[in-house]
Amino acid sequence: MPKEAKTTRKAKAGGRRKKDPNAPKRSLSAYMFFANEQRETVRSENPGIAFGQVGKLLGERWKALSPKEKVPYEARAAQDKKRYEEEKAAYLANGGSADYDDDE
DNA sequence: GGCCTGATTGTTTAT
DNA sequence: ATAAACAATCAGGCC
């Protein structure tokens, strides 16, 4: 049974609540870096394209790339991951659940 | 000890 | 500032 479910995340994307106190913002995904560079190219080749189309185009192209093509993007993702490691370390070092602040 | 879900990241455009 | 499609990602919760 192919579970096509995408990790069953929430339906929307807006601003979810921070379940963590100091919330070490996690790292970015390779797609974020990919989009960062491709967004210019995609929009450049698709002048006046709608945001929904760009996003879809980006996704299709992303998967169209070979794992080695994604390497540079994953590399940056790994870079950010390391950056996140510091946040996480500080977050744990600070006492994990210590500060009480739901919304700002 | 292994899995599963939820929360999060950043981009686009339009309101 | 927000909303949704797009993909990745991880960390913590759970039995």
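Distance between the 7 Å Cα→Cβ label points at A:Ala90 and A:Val54: 3.1 nm.
Dividing the radius of gyration of the alpha carbons in segment A:30-94 by their Kirkwood radius gives 1.14 for Rg/Rh.
Net charge near A:Leu92: determine it from the other residues with C-beta under 12 Å of the C-beta of A:Leu92, scoring Lys and Arg +1 and Asp and Glu -1.
Values: positive: A:Lys88; negative: A:Asp20, A:Glu85, A:Glu86, A:Glu87.
Taking every Cβ under 12 Å from that of A:Leu92, the sum is -3.
Once both labels are positioned 7 Å from their Cα atoms along Cα-to-Cβ, the gap between A:Leu65 and A:Lys82 label points is 2.0 nm.
All of the numbers you see were taken from the coordinates with simple rules; none came from a lab. Quick caveat, the model's predicted, so the values are computed rather than measured. In this analysis, Cβ positions are derived from the backbone assuming ideal geometry, glycine residues included, and neighbour counts consider all displayed protein chains.
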